[in-house]
1. Return only the number of the condition from (1) surrounded by fewer than 20 Cβ atoms within 10 Å (Cβ to Cβ); (2) farther than 19 Å from Y323 by Cβ; (3) among the polar types (S, T, N, Q); (4) out of contact with any helix residue (DSSP H, G or I) (no Cβ under 8 Å at 6 or more places or on another chain) that N296 does not satisfy.
2. Can you name the residue in segment 108-156 that is polar (S, T, N, Q) and in contact with a helix residue (DSSP H, G or I) (Cβ under 7 Å, 6 or more places away or on another chain) and, of all such residues, is surrounded by the fewest Cβ atoms within 10 Å (Cβ to Cβ)?
3. Please go through segment 21-66 and pick out each residue that is surrounded by fewer than 17 Cβ atoms within 10 Å (Cβ to Cβ) and not small (G, A, S).
4. Write out, first by first residue and then by second, each pair whose Cβ atoms fall under 8 Å of each other, whose residues are 6+ apart or on separate chains, and whose first residue, in segment 132-145, is under 11 Å from A169 (Cβ atoms) while the second is surrounded by 14 or more Cβ atoms within 10 Å (Cβ to Cβ) and among the hydroxyl-bearing types (S, T, Y).
5. Which members of segment 196-252 meet the condition of being among the aromatic types (F, W, Y) and in a loop (DSSP other than H, G, I, E, B)?
6. Go through segment 162-185 residue by residue and tally those that are crowded, with 24+ Cβ neighbours inside 10 Å and either over 13 Å from the mean Cα position of the chain (by Cα) or more than 22 Å from H316 (Cβ to Cβ) (or both).
7. Every residue in segment 67-79 that is exposed (fewer than 13 other Cβ atoms within 10 Å of the Cβ) and among the polar types (S, T, N, Q), please.
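The values are calculated or read from the model by the stated rules, or taken from the named source; none is laboratory data. Worth saying up front: this structure is predicted, and the values here are computed from it rather than measured. In this analysis, Cβ positions are derived from the backbone assuming ideal geometry, glycine residues included, and neighbour counts consider all displayed protein chains.
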Amino acid sequence: MEFHHPIVAAPMAGGPSSNELARAVASTGALGFLGGGNKTAQQIVEDYRSVADAGAVGVNLFVPDAANTAVDVAKSSAQRGEKLAAFREQLMPFAERLGVELPTVEQAGEDVSDDWDAKLEAAVEWPIVTFTFGLPAPAVFQRLHASDTQVGVTITSVAEAHNAVAHGADFLVVQGPEAGGHRSVHDPLGEPETLELPALLDDVNAVVDVPFVAAGGIATPEDVRDVLAHGASAASVGTALLLSDEAGSNPVHRQMLQEDRSGVTQLTRVYSGRVSRSLVNEFMSLTAPAVYPEVNALTVPIKRAAIQARDPRSTHLFAGTRYLQAKTGPAAEIVEWLAGNRHKE
């Protein structure tokens, strides 16, 4: 995998990584991305077709537990139903306040594959695919390599980097603890490491011989230059694009990123069951089990209703530690500024 531009758009599932954003980023020569998590295979196929002529655009897929070689099946299954039932009870006051009905625990667990098989069938048509939330089996990499697809894996530790390369990763996305949104810890029950991004980049650089992209807390041209100096081939930026004109960030998310000037973010599992970083709100006071995608299915009605009601207390407000540096304006201008090619007020 060769990177011809220092910027990669981080794939942000749930709306921010719109087709328009992918197209705008790719128009600069940078690598745009579509987020495939929580979408059907057909939706992603249609999304990719709409941007295929834009330039370099990759597709990111969430790895479901059933396909994740890092999952300890016995541990992940232990008391799963009881934990979800207890969490559902915690959610009831939020559901009642917003006037929504929650799915039952059984309904929340009806589809745990995230359309995985169909996505892999479609992925052979895409030139660049990355995996988040886990590490698929080597056979998945072999299948994609047979169609000349370049495959990347998001990792958060040296051990994950070593395993990803051993399975066949062509490149890595090295995600530090400063990142907004979901942390791609391969073991769903594992706690994220806290080693800061520059040190993590150095450690990964010492043990792998594939290119890697740096991710997490990259918000200025100086940040980009810093990660390149630590061996990264490019810098992946997500929070830095959330306020861009083309991003599909919902109105509540945009409002809070601009109004909350505390600079404070926290980690939580409440939004999906996987660890993520967000602005702090009332919803994050709940304690969610490490169960994906069932926790996400239980919380979706609340999050959607909160967005409709413009209620920031009850929906995800994903943000990296440097969210105060996020700029408004055309995404292409932001990307060129981050790459050091233009001035940005």
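1. The one condition N296 does not meet is (1).
2. Residues of segment 108-156 polar (S, T, N, Q): 113, 130, 132, 142, 147, 149-150, 154, 156.
Those still in the list that are in contact with a helix residue (DSSP H, G or I) (Cβ under 7 Å, 6 or more places away or on another chain) too: 113, 149.
Values: S113: 13, T149: 19.
Only one residue tops the list, namely S113.
3. The answer is T40, Q42, Q43, E46, R49, D53.
4. So the pair list comes out as L135/T69; P136/T69.
5. Those that are among the aromatic types (F, W, Y) and in a loop (DSSP other than H, G, I, E, B): none in segment 196-252.
6. 4
7. S77, Q79
So that you can scan it fast, the table gives a plain yes or no per residue for (1) under 23 Å from V151 (Cα atoms); (2) touching a Lys or Arg at 6+ places or on another chain (Cβ under 9 Å); (3) not polar (S, T, N, Q):
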residue: F3; (1), (2), (3): yes, no, yes
residue: N19; (1), (2), (3): yes, no, no
residue: G32; (1), (2), (3): yes, yes, yes
residue: V51; (1), (2), (3): yes, yes, yes
residue: G58; (1), (2), (3): yes, no, yes
residue: T69; (1), (2), (3): yes, no, no
residue: K83; (1), (2), (3): no, no, yes
residue: P93; (1), (2), (3): no, no, yes
